[in-house]
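Colleague: I have a structure I would like to understand better, so I am pasting it below and will then ask my questions one at a time.
The values are calculated or read from the model by the stated rules, or taken from the named source; none is laboratory data. Here the structure is a predicted model, which is why all the values come from computation and not from measurement. Here the Cβ positions follow ideal geometry from the backbone for every residue, glycine too, while neighbour counts run over all protein chains shown.
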Amino acid sequence: MLTLLDGGLGRELKRLGAPFRQPEWSALALMEAPECVTQAHQAFIQAGAEVITTNAYSVVPFHIGEESFAERGLALATLAGKLARDSVAGQAVTVAGSLPPLFGSYQPELFDAKRAPELLSTLIEGQAPYVDVWLAETLSATEEALAVASALGNDTRPRWFSFTLKDADENDELPCALRSGERIEEAVAAVLEAGGEALLFNCSQAEVMEEALSQAQAAVAAQDATLRLGVYANSFVPQTNRIAANSGVSDMRDDLGPDAYAAFAQRWQAAGATMIGGCCGIGPEHIAKLAEAVRG
């Protein structure tokens, strides 16, 4: 059974004309134009998405600042959950609560295990009344997944864990590893330990996903376990693994339109993915094409 995810909320907000800049990223729309968040969610639902993810990705001090997070973090996380739930409006669409990288995307070396519980508790408390599943996304290291599991405690909702992978190196080699350098097998083990129901790969270039799926499928089988696998790639011009994300508004590829992305998605499906969507730069037009291609 295939589950169709939504696409990149931040870039869709930018396309809709919502206020959008670094460092606030998509959180700026929560603060200044929440109606645009609703509009973006509804665009993905109309395109065929069966899961939408809350706009909580940037509700962390890294993006909105320490003072703003202390004053408004809980209220913004709550608003992100409520806007997603209201956008569903009785439709058979799952709301996933985003639990993002707490200290900056693609930067596993900045992870602070002592502070993570404090930040996660705010995100969880705000979104909990509105979400059906938890989606810990763009994780660069397994310790981030385990921190999420600890923060969720006895929460019985499904847990999905999504890791970002290294992009091509300077020699155009396509390594298959987390941004931390950990192997796919280690990600599988961490997700199983964390009680995850799904392992996904996101916010990386489309070309690295197929091999990651193959290795994940083999690792799951080797442990005689069960995990759903999924992919939601981005459309960024490949990021070298020494450049921090969030340092600016990244350029988008011009060779990954809906047809090209759908062709990748069909390969991911053949490699075992049962959950497919898009990350940064993948819009409703891509999701509509996916709905046609992977279900056809």
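Colleague: Only one of Thr94, Thr138 is within 16 Å of the chain's Cα centre (by Cα), at positive phi and among the polar types (S, T, N, Q). Can you tell me which? I'd like the intermediate steps shown before the answer.
Modeller: Details: Thr94 fails: at positive phi.
Checking each option against the conditions leaves just Thr138.
Colleague: Which residue out of Ile52, Ile64, Ile45 is touching a His at 6+ places or on another chain (Cβ under 6 Å) and crowded, with 18+ Cβ neighbours inside 10 Å? Outline the logic, then answer.
Modeller: Details: Ile64 fails: touching a His at 6+ places or on another chain (Cβ under 6 Å); Ile45 fails: touching a His at 6+ places or on another chain (Cβ under 6 Å).
After ruling out the rest, the residue left standing is Ile52.
Colleague: When the residues of the stretch 111-124 are narrowed to those that are over 19 Å from the mean Cα position of the chain (by Cα) and not basic (Lys, Arg), which ends up nearest to Ala149 (Cα to Cα)?
Modeller: By that ranking, first place goes to Pro117.
Colleague: Within the stretch 208-238, work out how many residues are surrounded by 15 or more Cβ atoms within 10 Å (Cβ to Cβ), part of a helix (DSSP H, G or I) and out of contact with any Asp or Glu (no Cβ under 6 Å at 6 or more places or on another chain).
Modeller: Total satisfying the criteria: 11.
Colleague: While we're on this one: For the stretch 251-278, give me each residue that is over 29 Å from Ala219 (Cβ atoms) and assigned to a helix (DSSP H, G or I).
Modeller: Within the stretch 251-278, Pro258, Asp259 qualify.
Colleague: Right, next: Could you tell me which of the residues Glu144, Glu186 is of a type in the set (D, E, K, R), over 15 Å from Gly97 (Cβ atoms), under 16 Å from the mean Cα position of the chain (by Cα) and assigned to a helix (DSSP H, G or I)? Spell out the reasoning first.
Modeller: Working: Glu186 fails: under 16 Å from the mean Cα position of the chain (by Cα).
It is Glu144.
Colleague: Counting residues that are in contact with a Phe, Trp or Tyr (Cβ under 7 Å, 6 or more places away or on another chain), which helices (runs of 4 or more DSSP H) fully inside the stretch 3-55 reach at least 3? Even if it seems obvious, please write down each step before you answer.
Modeller: On the way: elements: 9-15, 27-32, 34-47.
Counting at least 3 such residues, we get 9-15.
Colleague: Residues in the stretch 279-291 that are in contact (Cβ under 8 Å) with a residue 60 or more places away in the chain and part of a helix (DSSP H, G or I): how many?
Modeller: The qualifying residues number 7.
Colleague: Among the residues of the stretch 177-205, which ones are surrounded by fewer than 23 Cβ atoms within 10 Å (Cβ to Cβ) and among the aliphatic types (A, V, I, L, M)?
Modeller: Ala177, Ala189, Leu192, Ala194, Ala198
Colleague: Here's something else I'd like to know. Can you confirm whether Glu144 is acidic (Asp, Glu), under 27 Å from Glu50 (Cβ atoms) and in contact with a strand residue (DSSP E or B) (Cβ under 9 Å, 6 or more places away or on another chain)?
Modeller: Criteria met by Glu144.
Colleague: Here is a further query. If you check Glu173 against the conditions, is it surrounded by fewer than 17 Cβ atoms within 10 Å (Cβ to Cβ), modelled with pLDDT under 95, more than 16 Å from Ala216 (Cα to Cα) and over 18 Å from the mean Cα position of the chain (by Cα)?
Modeller: yes
Colleague: Then there is this: From the list Leu135, Leu123, which residue is buried (at least 23 other Cβ atoms within 10 Å of the Cβ) and part of a helix (DSSP H, G or I)? Don't jump to the end; show me each part of the working.
Modeller: Details: Leu135 fails: part of a helix (DSSP H, G or I).
Matching residue, one of Leu135, Leu123: Leu123.
Colleague: Is it the case that the stretch 147-162 has a residue that's of a type in the set (Gly, Ala, Ser), surrounded by fewer than 24 Cβ atoms within 10 Å (Cβ to Cβ) and touching a residue at least 60 places away in the same chain (Cβ under 8 Å)?
Modeller: no
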